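Heads up, the thing below is written out as structure tokens.
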Amino acid sequence: MFDFENPADLQDWRVVNDGVMGGLSRGENIRTDSGTAVFRGTLSLENNGGFSSTRTLPRPHRLDGYDGIVLRVRGDGNTYQFRLRLDSSFDGVAYRYTFQTEADTWVMVEVPFSECVPVFRGRMLSGVDPVSPGKIQQIGFLISEKQAGPFRLEVDLISAYRR
């Protein structure tokens, strides 16, 4: 899906910070000279803030028949969420998968669609259909959970897998 070797791979990614609700967190996406993407910034809990995210612009990802996503990431020891959205809306139901990073260590993270939890503004939802891979329109990352301070998540690969 994305390996960031091509600079155009990062053009369709947008940052959404807690400023949409008055918070002061800051995040940005950059591409490294080695062809990876870095989502970095500072998480602030001031003004009821506490999240920073990055996600693709809405488009069909054509993941029908796949069982999940595999990520190759290098983090900072913080906990992150990989997030999916099944529509093109800015706000609404997202499906999250939480993973822990190891500081300065490349790890492979498998994200089974069956383990992605429906949420709305951080609250788990019940009575919502599970992820339908063929409907995935947006993918992205989010950091929250009161992890104030600097953050950095380097992404080398985002790929779909079948079992």
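No lab work stands behind these numbers, since they all come straight from the coordinates. All of these numbers come straight from a predicted model, not from anything done at the bench. We place every Cβ from the backbone using ideal geometry, glycine too, and count neighbours over all the protein chains shown.
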### Query
Packing-wise, with mean Cβ within 10 Å as the measure, how do 47-55, 101-109 rank, highest first?
47-55, 101-109
### Query
What is the local net charge at Phe151, summed over the other residues whose Cβ is closer than 15 Å to its Cβ (Lys, Arg +1; Asp, Glu -1)?
-2
### Task
Determine the relative contact order of segment 6-82: mean sequence separation of Cα pairs under 8 Å and six or more apart, normalised by residue count, in whole percent.
29 percent
### Query
For segment 55-96, what is the largest minus smallest coordinate of the Cα atoms on each principal axis, given in angstrom and ordered from greatest to least?
31, 26, 15
### Task
Over all alpha-carbon pairs of segment 77-128, lay out the pair-distance distribution in 10 Å bins, whole %, shortest bin first.
23, 48, 24, 5
### Query
Can you list the residues, at least 5 places off or on another chain, whose amide H is less than 5 Å from the amide H of His61, using H built in the peptide plane?
Ile136
#### Entry: Whole-number percent relative contact order across segment 16-163, with pairs defined as alpha carbons under 8 Å at least 6 apart
34 percent
### Query
Out of every Cα pair in the chain, what percent are spaced more than 24 Å from each other?
30 percent
## Note on the structure
Shape call for segment 23-64, from the Cα gyration tensor axes a ≥ b ≥ c (a/c under 1.5 means rounded, otherwise prolate when a/b beats b/c, else oblate), comes out oblate
### Query
What ³J(HN,Hα) values, in whole Hz, does the Karplus curve 6.51 cos²θ - 1.76 cosθ + 1.60 give for segment 37-53 when θ = phi - 60°, with x put for Gly and Pro?
9, 10, 9, 9, x, 9, 8, 10, 9, 5, 6, 6, x, x, 8, 9, 9
### Task
List the relative contact order of segment 95-163 as a percent without decimals, with contacts defined as Cα pairs under 8 Å and 6+ residues apart.
23 percent
